[in-house]
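Colleague: Pasting in a structure now, in structure tokens, and then I'll have a few things to ask.
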Amino acid sequence: MFQPRSIFASTLAITTAMGGMAFSEEQATKILEEYFDIFKSTPLVASIGNKDDARGHTQWDDIILKTEDGDAEISIPWVRVDKKLLGGHVLTIAPETTMAFEVPDADDAPKVEMTMTHTGMETNVSGEEGARSFETTFDNVAIKSTSESMFTIDATMTDGKTNTTIMGGDDPRSKGDFSFADLTLNYGFTIEDQKTEAFSSTKDLSGDFNMPIFGDFAGDNPFAGFDASKEVLINYRTGEIVSKSSATSPMGPINFEVNANSSDMKLSLLDNIANMTSNGSDIDYKFESVGLGMPPMDLSIAGMVSEIQIPIENMDDAKPAKIKMVLSEMALSDTIWGMFDPTAKLPRDNIDLNIDAQGDMRWTKTIADVSADPANPEPPVQMDNLQVNALNLNAAGAKLVTTGALLFHNMQFPPQVEGSMNVDLQGAQALLKKLTEIGLVPAQNAMMIQGMSAMFFRPGGGDDHLISEIKLSKDGGITANGMPIK
């Protein structure tokens, strides 16, 4: 027999359970709303065919993501969020999604149609509104063309994991990390009966990101919502990379292949300063075109490093910018050397290149106002000054070292340049002699070059060592070693 206390307890339990179910439905709906809010930063606009808020879950059906002009469209049959018994939610998406888009600048071409399928995909959702986390794992995701068009694709990602947290508040953003065991891509396109096919495979791709969710996308100006003061961080790392491409031509097939042992890249935007750094190691390039009468050619680079820093939208005051690029131990195959030096007169040493420059730069307009107007070729940025720390090249037994400083007067375009460059050249005379012996430089031209070097250079501190100072004046004059060039 039920006692009043038992009746009260039972009623309370039922009421709490019903309230919990209603709360979970509300949470599930909110999760989907937050999930699709991220598309506000893209040209895609979402429309939902049907919303089913059943007890314990929410399912949206017939979801269309479409650009305003209709050139691109993604159709998702359904997305569902269920409440887990032990807390949290799980998001699942239909196993097949269809996509279609117009080929740019090809009005008569049919739309490119594709499907995206997945196996073993599940997204666990945790956190609260304003700090929602989505942890997705999958066995396989594939994107494949389904129509006859000028562009085809067949891409596969395996053993993937992504963690994304969507933050709300005054600075809405998306941050997290990702990893894929393998990313394989096959694609091709045909233009005027000329077909190009490409294949790439990337192992152990991983990275992390922290990006703002900008305001609603403006279709007529994709950069209208861009805010350079918002912090952006994107990092990625890879293991082995293999990339192959083959193109048809009237002369026959052209094949190109790139292999790399590893690579990494970092992109950041912090305090209105954009930075991009990248590193690659053991990179091999192969080129083959029998139809063009060219033998197979190989080129390898032991290390490749680059760094670019650019201030963003600083229109009032110039801020530091810099660029660095280093190519270490670039080796050319004997077939490449043999094309212009069949008798091996030139030293076939590895080639090194080092570029390091910095200066102060300012913008003349915002990124949102930048447009590609052939009638107005003036770039949206201006350099106030440039410090050349290194412009160095070691090749074929010769060594070039260059430093200098330049000042730009931007009252007109192109600007007037003032400053000086110091040039240090070793082994140039020996290289010129060998180039003459193999016929690349006619003897008469070699004599003229030697005469000019005696005018514009002076001896350095050793044999076959030349140095010079090149000066540029504001009025357009140029001198080298005190001798006028212009």
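The values are calculated or read from the model by the stated rules, or taken from the named source; none is laboratory data. In this text, all values refer to a predicted model and were calculated from it rather than measured experimentally. Using ideal geometry, Cβ is built from the backbone for each residue, glycine included, and neighbour counts are taken over all protein chains shown.
Colleague: Determine the pairs where a residue that is over 19 Å from GLY252 (Cα atoms), located within segment 187-205, has a partner that is not in a strand (DSSP E or B) with Cβ atoms under 7 Å apart, the partner being 6 or more residues away or on another chain.
Modeller: Sorted first by the residue in segment 187-205, then by its partner, the pairs are LYS203/GLY239; LYS203/GLU240; ASP204/GLY239.
Colleague: Among the residues of segment 442-476 satisfying the criterion of being surrounded by 12 or more Cβ atoms within 10 Å (Cβ to Cβ) and within 40 Å of the chain's Cα centre (by Cα), which is farthest from ASN392 (Cα to Cα)?
Modeller: SER473
Colleague: Continuing with this model, one more query. With the checklist (1) touching a Leu at 6+ places or on another chain (Cβ under 7 Å); (2) surrounded by fewer than 15 Cβ atoms within 10 Å (Cβ to Cβ); (3) of a type in the set (Ser, Thr, Tyr) in hand, flag the one item THR146 doesn't pass.
Modeller: THR146 satisfies every listed condition except (1).
Colleague: Follow-up question, since we're still on this one. Quick one: which residue in ALA131, ALA94, ALA109, ALA100 is over 26 Å from LYS203 (Cα atoms) and touching a Pro at 6+ places or on another chain (Cβ under 6 Å)? Give the steps one after another, and end with the answer.
Modeller: On the way: ALA131 fails: touching a Pro at 6+ places or on another chain (Cβ under 6 Å); ALA109 fails: touching a Pro at 6+ places or on another chain (Cβ under 6 Å); ALA100 fails: touching a Pro at 6+ places or on another chain (Cβ under 6 Å).
When all the criteria are applied, what remains is ALA94.
Colleague: Right, next: Kindly provide the set of residues from segment 169-186 that are assigned to a loop (DSSP other than H, G, I, E, B) and touching a residue at least 40 places away in the same chain (Cβ under 8 Å), ordered by number.
Modeller: Listed by number, the residues that qualify are ASP171, PRO172.
Colleague: Can you name the residue in segment 211-236 that is at pLDDT 60 or above and charged (D, E, K, R) and is also nearest to LEU270 (Cα to Cα) among such residues?
Modeller: The extreme case among them is GLU231.
Colleague: Go through (1) touching a Gly at 6+ places or on another chain (Cβ under 8 Å); (2) buried (at least 18 other Cβ atoms within 10 Å of the Cβ) for ARG173 and report which single condition fails.
Modeller: The single condition ARG173 does not satisfy is (1).
Colleague: Checking the structure you have, find out if any residue of segment 421-436 is small (Gly, Ala, Ser) and exposed (fewer than 15 other Cβ atoms within 10 Å of the Cβ). Even if it seems obvious, please write down each step before you answer.
Modeller: Applying the first criterion (small (Gly, Ala, Ser)) to segment 421-436 yields 427-428, 430.
Now drop any that are not exposed (fewer than 15 other Cβ atoms within 10 Å of the Cβ), which leaves none.
No; the residues of segment 421-436 include none that is small (Gly, Ala, Ser) and exposed (fewer than 15 other Cβ atoms within 10 Å of the Cβ).
Colleague: Starting from residues that are among the polar types (S, T, N, Q) and either at pLDDT below 70 or in contact with a helix residue (DSSP H, G or I) (Cβ under 7 Å, 6 or more places away or on another chain) (or both), keep the ones in segment 15-41 and report whichever is nearest to ALA54 (Cα to Cα).
Modeller: Only one residue tops the list, namely SER24.
Colleague: To continue, here is another question. Considering only segment 286-324, how many residues are among the acidic types (Asp, Glu) and closer than 28 Å to ALA395 by Cα? Give the steps one after another, and end with the answer.
Modeller: Narrowing segment 286-324 to residues among the acidic types (Asp, Glu): 288, 298, 307, 313, 316-317.
Next, only the ones that are closer than 28 Å to ALA395 by Cα stay: 288, 298, 307.
Of the residues in segment 286-324, 3 are among the acidic types (Asp, Glu) and closer than 28 Å to ALA395 by Cα.
Colleague: Follow-up question, since we're still on this one. If we only count strands (runs of 3 or more DSSP E) wholly inside segment 82-165, which ones have 3 or more residues that are among the polar types (S, T, N, Q) and modelled with pLDDT of 85 or more?
Modeller: In segment 82-165, 112-119, 122-128, 131-145 are the strands (runs of 3 or more DSSP E) which contain 3 or more residues that are among the polar types (S, T, N, Q) and modelled with pLDDT of 85 or more.
Colleague: Kindly establish whether ASP352 is closer than 30 Å to THR436 by Cα, touching a residue at least 24 places away in the same chain (Cβ under 8 Å) and touching a Ser or Thr at 6+ places or on another chain (Cβ under 8 Å). Working first, answer last.
Modeller: Values: closer than 30 Å to THR436 by Cα: yes; touching a residue at least 24 places away in the same chain (Cβ under 8 Å): yes; touching a Ser or Thr at 6+ places or on another chain (Cβ under 8 Å): yes.
Considered against the rule, which asks whether it is closer than 30 Å to THR436 by Cα, touching a residue at least 24 places away in the same chain (Cβ under 8 Å) and touching a Ser or Thr at 6+ places or on another chain (Cβ under 8 Å), ASP352 comes out as yes.
Colleague: Could you give me the residue pairs with C-beta distances under 7 Å whose first residue belongs to segment 68-80 and is loosely packed, with under 15 Cβ neighbours inside 10 Å, whose second residue is β-branched (Val, Ile, Thr) wherever it lies, and which are 6+ apart or on separate chains?
Modeller: Final answer for the pair search is GLU68/VAL45.
Colleague: Kindly state which strands (runs of 3 or more DSSP E) lie completely within segment 380-486 and contain at least 1 residues that are among the basic types (Lys, Arg). Step through it out loud before you land on a result.
Modeller: Details: elements: 381-395, 398-409, 416-426, 465-472, 478-480.
Hits in segment 380-486: 398-409, 465-472.
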